Amino acid sequence: MQETARPYDLVIVGASFAGLVAARTAAMRGLSVAVLDAKPEAGHRVATTGVLVKEAADEIDIPHTLTRRVHGVRLYAPSRRSIDLFAPGSFFLTTDTANVLRWLANEAMRAGAKILYRARFEGASREAGVFRFHGLNIAARYILGADGARSAVARAFGLGRNTRFLTGIEVEYEGLTRADPRFLHCFLDSKLAPGYLGWVAAGPSVTQAGLAVGPGRRPDLKRFLAATEPVFGYSEARAVERRSGRIPAGGLVSPWSTDGVMLVGDAAGQVSPATGGGIKLAFELGRRSAQLIADHLQDLGAPPPVALAPELPAFAAKKLMRTALDMAPPNPLIDLALALPPMRWLAQHVYFHRRGGKGLSFAEFEAKLMRNGAAETRPQPTLSPGA
Ligand SMILES: Cc1cc2nc3c(=O)[nH]c(=O)nc-3n(C[C@H](O)[C@H](O)[C@H](O)COP(=O)(O)OP(=O)(O)OC[C@H]3O[C@@H](n4cnc5c(N)ncnc54)[C@H](O)[C@@H]3O)c2cc1C
């Protein structure tokens with residue numbers, strides 16, 4: 001461990017999506033960087049479904065062997081009638097999330113960042129412009145708190161905290177052959193998943209089935225699985241792992257910075273209040289935060305929070321959508337709405353931010369992809385654990 005006499009330029013708390021991308025960028029730009037994480041290793045006890053929207057995949061190029069491309073969303077009404085959504089040029093990536101995190105950690109280290117595992121942040125005090133970390137023999141000129149929804153950095157420095165959460169839980173299956181891997185299967189149902197939705201998603205090596213519910217509610221995974229058993233046949237597959245966690249749903253925390261300290265990712269509430277997606281923003285704002293910290297420390301650039309503030313999402317429309325979801329409309333209303341064009345339009349925009357395939361059915365879209373020899377029509381690579 002580095003001597004306290006020689007502080008790191010930047011210490012990042014949290015070795016996950018936001019922290020590792022920030023570490024790589026800051027180290028590439030020549031800062032001395034250490035990342036602290038309470039976990040024993042990267043990818044340990046992943047607590048996310050890990051689906052990447054296209055914009056996340058555009059932000060950070062992830063090795064294709066760690067992902068599976070999914071073009072469609074099959075959206076089920078409570079009656080189990082479904083509509084298929086897709087948009088040419090758009091896709092989701094389901095991921096082997098533990099190995100994506102290991103890969104991100106390796107990238108950060110290759111750039112020169114040092115990652116310290118089993119190193120829990122428990123506070124830091126500032127003396128003569130340098131932060132000294134309690135219980136750890138390290139010091140830093142700048143701290144980036146990328147330590148998730150219940151950030152200890154936010155607590156230690158009196159910053160804003162997340163107070164509204166979705167709660168998600170899911171199980172991973174091997175051999176769930178009845179889940180059509182061309183789609184993310186999403187279930188709108190106010191009885192099963194009030195305030196959010198249920199999902200089944202085939203990843204590169206396992207299939208995840210789970211649900212999240214709105215603030216103040218508890219997810220009932222058993223009930224969701226029982227209700228969707230006829231569609232997917234979980235009882236014929238093998239459950240191999242469970243994941244669960246809390247997803248900030250209240251928008252940006254305030255304040256999210258103080259002199260020499262900044263929050264990013266879930267710690268800062270940088271998660272879409274409507275969809276619960278946070279990885280794209282963790283990638284984008286993790287990288288930007290590191291660039292601005294480097295500009296500030298190396299070139300006397302503006303204080304990073306001042307430079308970053310205009311780039312932050314306001315989430316105005318998504319907060320409105322969260323309010324509507326929190327009301328958990330009655331199931332017959334959802335059944336009716338999903339049959340109507342305006343709701344299909346809205347769903348198309350929530351998932352793809354753009355129009356569907358102008359008169360194409362999903363089958364025709366796929367046939368066109370196949371004729372073009374698209375990668376997803378070739379056999380998917382099989383991953384070995386720890387690859
Ligand atoms: C069930 C579930 C499903 C989700 N599915 C998706 C999805 O499919 N797509 C999507 O885009 N988003 C999804 N999200 C949201 C997404 O996972 C988060 O937005 C994303 O993980 C945020 O990344 P982060 O780096 O900010 O924080 P995190 O991934 O939460 O990482 C925080 C890190 O900080 C470490 N840490 C915490 N406290 C300390 C401490 N005191 N000292 C040292 N280290 C500490 C933790 O060990 C962890 O490694 C989901 C969330 C949940 C809970």
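The values are calculated or read from the model by the stated rules, or taken from the named source; none is laboratory data. As the structure is a prediction and not an experimental result, all values here were calculated from the model. Quick reminder, even Gly has a Cβ in these numbers, built from the backbone with ideal geometry, and neighbours come from all protein chains shown. What goes into the accessible areas is simple: the full protein's heavy atoms, side chains included, and nothing from ligands, DNA or RNA. Shrake-Rupley method; radii C 1.70, N 1.55, O 1.52, S 1.80 Å.
Numerical summary
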| quantity | calculated |
| --- | --- |
| Sequence-distant residues sharing a close amide H with Arg161 (under 5 Å, placed H) | Ser254 |
| Inter-centroid distance (Cα atoms) of the range 133-198 relative to the range 345-359, Å | 26 Å |
| Projected label distance in nm at Met327 and Arg150, using a 7 Å step from Cα toward the beta-carbon | 3.2 nm |
| Linear extension gain, Thr177 paired with Thr258, 0.36 nm per residue minus alpha-carbon span | 24.1 nm |
| Values of log10 I(q)/I(0), in the order q = 0.12, 0.19 Å⁻¹, for the range 251-349 under a Debye, Cα-only, solvent-free model | -0.52, -0.92 |
| Average projection area in nm² (convex hull over Cα atoms of the range 1-110, one quarter of hull surface) | 9.2 nm² |
| In degrees, nearest ten, helix 279-299 long axis to first principal axis of the chain (Cα) | 20 degrees |
| Check: the chain dipole with +1 on Lys, Arg Cβ and -1 on Asp, Glu Cβ, in debye | 520 debye |
| The chain - Rg (one decimal) and Dmax (whole number), Cα, Å | 21.4, 66 |
| Accessible area (Å², per residue) of the chain, counting only protein heavy atoms and a probe of 1.4 Å | 45 Å² |
| Between helix 221-232 and the chain: long-axis angle, C-alpha atoms, 0 to 90°, nearest 10 | 50 degrees |
| Quarter of the Cα convex hull surface for the range 53-157, i.e. its orientation-mean projected area (nm²) | 10.5 nm² |
| Taking only Cα atoms of the range 143-237, radius of gyration then Dmax in Å | 16.6, 50 |
| C-alpha long axis of helix 97-111 to longest principal axis of the chain, angle in ° | 30 degrees |
| The chain - percent of accessible surface contributed by carbon and sulfur, probe 1.4 Å | 53 percent |
| Cα Rg, Dmax, the range 90-140, angstrom units | 16.2, 50 |
| Accessible area of Leu320 in the full protein assembly, 1.4 Å probe (Å², nearest 10) | 130 Å² |
